[in-house]
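K.L.:
The structure under discussion is supplied below as structure tokens; questions concerning it will follow.
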Amino acid sequence: MKPNSFLPSVLFVLSVPFARSADITAEKTGTVVHFAIEGESICDYQMEPGELPEGVAESFAHGAHLHPIYSPSGKLVTGNHQPDHPWQRGVWIGWTKTEFGDSHPDFWNMGKDGKITAEVRFEKLEKLWDGPAGGFVSRHVFLDHSHSPGEKVLNETWEVSVTQKTLDGTLANVIDLTSTQTCAGEKPLKLPKYHYGGLGVRGNPLWNPVDAVTMLTSEGHDRKAGDNSKAKWVHLGGEVDGAPTGIAVLIHPSNFRFPQPLRLNPKNPQLCVAPSQDGDWAIEPGKPYVSKYRLLVFDGKPDAKWIEAQWQGYAKNP
């Protein structure tokens, strides 16, 4: 991680991964947008449903998420459609406990019990670009199938930027995600108090054992103490190929109910930024719901001071 200031400058150079100067490439292949730098993968945006692990039912096949996501050294940090919670997929956004008219669509546990009563569906790729920061703009739609097939509940836009930077001596893959959700009609989506639902992150399958994953919040809490707490950022990580790596979610201060509540799953490597923990609320017609997050993916153990410094920079210059 961050080198000691008393080390000679030559050692400082050797203590951090090599920072590439090339542009980010964004390549659309079928239903996937692949981001890389000098041929090294950073992440994929899965538009339509992709391949499922063996033994996972087709009802869990959904797109509109980021996976896989890699560290600068090429270590996988996300998991997808794992057998214990097959609706969890990389990095995604969905609401769990809802009220939409007289129905209760669940946009989180999609496919559970073999039923798809609601879904988040990719709709259109608006823009895609390469450069020092690659990225895309896409559209999703939240659908309620409770009464009639495909009643639109929310329209969502994802604006995503992907880059690689050396930040205070640490090389990181940086993914900025802005989600804008608007009501598709005149009915609001009511969101009663609930302990999860919002931005979800599922970690590498290697971290599935309870003792294989670590979590750390901006308030210094671990997995147990951080569950149902509030934070400015949260880190999820563990070992891959014998070395530590992980992903930090930085929460922008403009977000609703900031610092936002967290759900840190006690049984699997999964976290959720969950504003509904704080009580009933709603996404109402004519009032867009905007949420901004920065994903920092880096090798090594989490350094709370370094992550806090990156959050401060993000908060001032999103």
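K.L.:
So how many residues does the range 13-36 have that are of a type in the set (K, R) and either farther than 13 Å from M47 by Cβ or at pLDDT below 55 (or both)? Talk me through it step by step, then tell me what you get.
P.N.:
Within the range 13-36, the subset of a type in the set (K, R) is 20, 28.
If we keep only those that are either farther than 13 Å from M47 by Cβ or at pLDDT below 55 (or both) too, we end up with 20.
Number satisfying all stated conditions: 1.
K.L.:
Turning to a different aspect of this structure: So which residues in the range 58-100 are polar (S, T, N, Q) and in contact with a Gly (Cβ under 7 Å, 6 or more places away or on another chain), if there are any at all? Full working, then the answer.
P.N.:
First pass over the range 58-100, keeping only residues polar (S, T, N, Q): 59, 71, 73, 78, 80, 82, 88, 96, 98.
Of everything in the range 58-100, those that are polar (S, T, N, Q) and in contact with a Gly (Cβ under 7 Å, 6 or more places away or on another chain) turn out to be S59, T78, N80, Q88, T96.
K.L.:
For the range 61-145, which fully contained strands (runs of 3 or more DSSP E) count at least 2 residues that are of a type in the set (K, R) and modelled with pLDDT under 95?
P.N.:
On the way: elements: 65-69, 80-82, 85-89, 91-94, 118-129, 134-144.
Ranges flagged: none.
K.L.:
Taking the stated definitions as given, is E284 in contact with a Ser or Thr (Cβ under 8 Å, 6 or more places away or on another chain), acidic (D, E) and surrounded by fewer than 21 Cβ atoms within 10 Å (Cβ to Cβ)? Walk me through it before giving the result.
P.N.:
Values: in contact with a Ser or Thr (Cβ under 8 Å, 6 or more places away or on another chain): no; acidic (D, E): yes; surrounded by fewer than 21 Cβ atoms within 10 Å (Cβ to Cβ): yes.
Answer is no for this residue.
K.L.:
I'm trying to understand the selection: among the residues of the range 251-273, which are closer than 28 Å to P83 by Cα and in a strand (DSSP E or B)?
P.N.:
Taking the range 251-273 first, the residues closer than 28 Å to P83 by Cα are 261-273.
Hits for the range 251-273 are P261, L262, R263, L264, Q270, L271, C272, V273.
K.L.:
Please list, ordered by first then second residue, the pairs with beta carbon atoms under 6 Å, 6 or more apart or interchain, first in the range 296-318 and within 14 Å of A231 (Cα to Cα), second surrounded by fewer than 19 Cβ atoms within 10 Å (Cβ to Cβ) and modelled with pLDDT under 95.
P.N.:
none
K.L.:
Among (1) closer than 18 Å to T245 by Cβ; (2) of a type in the set (G, A, S); (3) not in a strand (DSSP E or B), where does S41 come up short?
P.N.:
Checking S41 against (1) closer than 18 Å to T245 by Cβ; (2) of a type in the set (G, A, S); (3) not in a strand (DSSP E or B), the one that fails is (3).
The values are calculated or read from the model by the stated rules, or taken from the named source; none is laboratory data. In this text, all values refer to a predicted model and were calculated from it rather than measured experimentally. Ideal geometry is used to build each Cβ from the backbone, glycine not excepted, and the neighbour counts take in all protein chains shown.
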